[in-house]
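Heads up, the thing below is written out as structure tokens.
The values are calculated or read from the model by the stated rules, or taken from the named source; none is laboratory data. For clarity, every value in this text was computed on a predicted model and none was experimentally measured. Positions of Cβ are backbone-derived with ideal geometry, glycine not excepted, and every protein chain shown enters the neighbour counts.
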Amino acid sequence: KQASCIQYRLVVRDANTLQILQLYTCLDQIQHLEWSADSLFILCALYKRGLVQVWSLEQPEWHCKIDEGSAGLVASCWSPDGRHILNTTEFHLRITVWSLCTKSVSYIKYPKACQQGITFTRDGRYLALAERRDCRDYVSIFVCSDWQLLRHFDTDTQDLAGIEWAPNGCVLAVWDSCLEYKVLLYSLDGRLLSAFCAYEWSLGIKSVAWSPSSQFLAIGSYDGKVRILNHVTWKMITEFGHPATVNNPKIVVYKEAEKSPPLGHLACPPPRVAAGPLTSSESKYEIASMPVSLQTLKPAADRANPRIGIGALAFSPDNYFLATRNDSVPNAVWIWDIRKLRPLAVLEQLCTVRAFQWGPQQPRLAICTGGSKVYLWSPAGCVSVQVPGEGDFQVLSLCWHPSGDSLALLSKDHFCLCFLEMEEGMRMAFGQRGDCT
Amino acid sequence: MGDWMTVTDPGLSSESKTISQYTSETKMSPSSLYSQQVLCSSIPLSKNVHSYFSAFCTEENIEQSISYLDQELTTFGFPSLYEESKGKETKRGLNIVAVLNCMNELLVLQRKNLLAQENVETQNLKLGSDMDHLQNCYAKLKEQLETSRREMIGLQERDRQLQCKNRNLHQLLKNEKDEVQKLQNIIASRATQYNHDMKRKEREYNKLKERLHQLVMNKKDKKIAMEVLNYVGRADGKRGSWRTGKTEARNEDEMYKILLNDYEYRQKQILMENAELKKVLQQMKKEMISLLSPQKQKPRERADDSTGTVISDIEEDAGELSRESIWDLSCETVREQLTNSIRKQWRILKSHVEKLDNQVSKVHLEGFNDEDVISRQDHEQETEKLELEIQQCKEMIKTQQQLLQQQLATACDDDTTSLLRDCYLLEEKERLKEEWSLFKEQKKNFEKERRSFTEAAIRLGLERKAFEEERASWLKQQFLNMTTFDHQNSENVKLFSAFSGSSDRDTPTLHSRSRQKKPHGVPSGSPVCTSKLTKSLPASPSTSDFCQTRSCASEHRQPSEMLQTQLQTIAIKQFNQRSEYHH
């Protein structure tokens, strides 16, 4: 099923046919939408009003409203068992855990306002929460079944930026803000397993990703390199560089090229890095010969959060591939082979890569650049797919269906479902969107 | 000799012998000037000779010249020219013999002197040329020395410049390093200052937050509530439990269990990997040993140092192999032994390859005549073989690693791996079961069919018997009917020939029946009767008839039909006879 909301209406559709199954009305504009883990409930967060409304799919007449009142609301999410809602109040004063089963409410004080402060283990047993008290960072581990505090320990970070559980639920990765390169690895029982620091003084970690088997931890930093740590010694086994000139003959470089338009010779503007989305013309991939120089972006040196470094990292679900994006070469996506620890392919698009996501079952990478095309890469090759329809459909973000058969493409006002079928190719279905999950 | 000339210039007599003397005398002058003088003076020799010769001795001063010559000769050590005088007062007469001897002596002397002069002159020339040569060399060397001195000075100058540059660069580097250090210090101090400021601001912010929190809570906002239609059951259907110490302990236990499971799983994976790698290493070691051992004979011939150790190594390793296979544990000593032995083998292999390389280079220099050296082709072949083997080992290791990583990647859970393992066998088991069931079914079917066939056969037999019976009865009737008719062979024969081939049996049965004196005999249907009939046939009196009928019928019918007909006729006859008897 697929839910989307428009202003204050919540629309639930069937994922295959896009038929509207149910329609709910909320009190105000919905800012955030989330399915519960068992797909029985939908949470609609209305930040402006400080309200959370929960709808049931089994019983349409069931309703639930959580009012934070003057405490305000900045974030809301489900717990993995699908029966508790965690609301973060304004200014990160506290996190309230509301239970749908009982009338109990739990409060967690001093949560940390950072990029990724809450993380649940994959099996949903434990919650790790970043806290800050007296100018020091702490991590608390809660048992999700009864919300008991299991462990509480301080971390040796200056300013904790994020925490993430390993997929096996036994190791917690904690990393510092970009002013200091530091990754700390804690075991489930709170012991410090290892600390990793690649260099000092320069800007540090930008993105972190665990491999699905928990064997590797990929750390992308502002120096344009990805460092891979192994789970046995927690030491770096390799680092991947992202140079602007690709000279390695073993890498396949796919360059997106426009297919020449059939009518006349329009004066095509030369593709600039920050160019807007292309007009709906076909494009295809060409294999470029070595050496290939990619388009780079010179960052503004005097501004904060410069657009350099590895901004996005993702492992494929079968643990064989890693896709990365270097923000200073924003049009390109690098794909690395993890078995051999070497680069496999580079895809250079005509526009800046906005988002990419691996399919949940097979190693297929879907990329969108804000144009009207979605790009798919798999070990067999890559293809550029035009979103059909009139006018510009600017794909701003994308999201795979858990079965891996379809892909939701989101633009500003609309969304489109792309079905990947084995023999028949792809078909698309459209719908309107406000916010979509 | 120059003195000679100046003295003897005036008043010299010219005698033929003295001419030659003078000329030869003049040639003996050592210096080149003199020789020049002589040469220019030698041209107008004829003119001067006379003057010379006449200058010394003329006809007037013969005695004077003789006495002078005598004086000179005696001073030179020659014997006197005068004869031995008897008295001092009388004039001594010229001793011609002495004169001649003196002249000969003088000639010999002259020749010797000439030779010596020639030698000296040639030596002089040689020495002159040598000296010229040496002077040239000296000049050249002096030039060279100058140039090399200049060069040296130039190089020294350059060296000095480079040293200067080096020092400058070092200085620059030091400066840069100092600057970097300074900047780092600055950054560090700024960072600490910044952190301090941040902490201060954070504390302020926390205070504000606390205040705000207090205000928010104090307001006793009744709005903060949850409205829910009805409570939803828990996801797992169980009831919630109270928070007690027990639950805490339970949580701890669960957490530790999870951690332990993870560690155990990882340890298992690592042990597997270790075992695989050890196997590969051992195989490598064995292969290396086998590679090195056939080639040990050659090094032994050349009396190398390491042969003794090599042989002992092989023996040691063989012993180690057996030991390791027995243990096969991951204890420290076994691991060390394995790695040490592999390192040893590798070193031996390396040294061997190096030796071969050296030999190849020697062969290059010395040619192929050296017998101890292996030919280049053999050496190359050996190295190729070794390289191939090493590559194979590497590939094996790589494939093993890949397989292991595949296994590690795909196996994410203990349960799934065990399930997966069972799955493959399950398929086969099920297939086997299916085939078995099929087989059993087929067996049953076959049994059924067999049974049905036997039943059918029995039935057939029974039916046949019944049919035979009917036939027999029918025949019997026929026979009974036939007795009223006349004996017309052809008609009977025709009638009988209408029957099928089983009439053979019919007749004996009839026969047997008649013998047994039963009008309605039960058909025995046994072949015994036929045999009885056949046996009894020749004994019957109507054999002649049989032959006759046979011969006449042979033209028209097939032999089986004939036989049948004959038997029938016989039977009929007998039957008639019997019936007549009975009647």
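Assorted remarks:
- Residue within segment B:90-110 that is in contact with a Cys (Cβ under 8 Å, 6 or more places away or on another chain) and modelled with pLDDT under 85 present: no
- Residue list for segment A:177-187, filter: crowded, with 21+ Cβ neighbours inside 10 Å and either within 14 Å of chain B (Cβ to nearest Cβ) or among the β-branched types (Val, Ile, Thr) (or both): A:181, A:182, A:183, A:186
- Test set (1) touching a strand residue (DSSP E or B) at 6+ places or on another chain (Cβ under 9 Å); (2) buried (at least 19 other Cβ atoms within 10 Å of the Cβ); (3) not in a strand (DSSP E or B) - residue A:145 fails condition number: (1)
- In segment A:29-48, the qualifying residues are those that are within 11 Å of another protein chain (Cβ to nearest Cβ) and surrounded by fewer than 19 Cβ atoms within 10 Å (Cβ to Cβ), and the one that is nearest to residue B:232 (Cα to Cα) is A:40.
- Segment B:61-89, residues that are in contact with a helix residue (DSSP H, G or I) (Cβ under 8 Å, 6 or more places away or on another chain), modelled with pLDDT of 80 or more and part of a loop (DSSP other than H, G, I, E, B): B:78
- The listed residue being in contact (Cβ under 8 Å) with a residue 24 or more places away in the chain and either assigned to a loop (DSSP other than H, G, I, E, B) or of a type in the set (D, E, K, R) (or both), out of A:38, A:28: A:38
- Tally of residues being under 29 Å from the mean Cα position of the chain (by Cα) and of a type outside the set (A, V, I, L, M, F, W, C) across segment A:59-78: 5
- Residue B:242 passes every criterion in (1) at pLDDT below 80; (2) touching a strand residue (DSSP E or B) at 6+ places or on another chain (Cβ under 9 Å) apart from (2).
- Failed item, numbered, when residue A:235 is tested on (1) surrounded by fewer than 18 Cβ atoms within 10 Å (Cβ to Cβ); (2) modelled with pLDDT of 90 or more; (3) under 25 Å from the mean Cα position of the chain (by Cα): (3)
- When segment A:3-15 is filtered for residues that are exposed (fewer than 15 other Cβ atoms within 10 Å of the Cβ) and closer than 20 Å to residue A:404 by Cα, only A:14 remains.
- Only residues that are in contact (Cβ under 8 Å) with a residue 60 or more places away in the chain and either more than 9 Å from every other protein chain (Cβ to nearest Cβ) or closer than 12 Å to residue A:129 by Cβ (or both) were counted across segment A:148-176, and they come to 1.
- Complete set of residues in segment A:122-153 that are among the hydroxyl-bearing types (Ser, Thr, Tyr) and touching a helix residue (DSSP H, G or I) at 6+ places or on another chain (Cβ under 9 Å): A:126, A:145
- Residues in segment A:259-299 that are more than 25 Å from residue A:336 (Cβ to Cβ) and modelled with pLDDT of 80 or more: A:298 alone.
- Test: residue in segment A:76-95 that is at positive phi, in contact with a strand residue (DSSP E or B) (Cβ under 6 Å, 6 or more places away or on another chain) and not aliphatic (A, V, I, L, M): yes
- Filtered residues of segment A:188-228 (kept if assigned to a strand (DSSP E or B) and either acidic (Asp, Glu) or within 12 Å of chain B (Cβ to nearest Cβ) (or both)): A:193, A:216
- Those residues of segment A:96-126 which are in a strand (DSSP E or B), touching a Lys or Arg at 6+ places or on another chain (Cβ under 8 Å) and surrounded by 18 or more Cβ atoms within 10 Å (Cβ to Cβ), in sequence order: A:99, A:108, A:111
- Candidates A:298, A:340 - the one that is within 14 Å of another protein chain (Cβ to nearest Cβ) and basic (Lys, Arg): A:340
- Of all positions in segment A:58-73, none carries a residue that is in a strand (DSSP E or B), free of Cβ contacts under 8 Å to residues at least 60 places away in the same chain and more than 8 Å from every other protein chain (Cβ to nearest Cβ).
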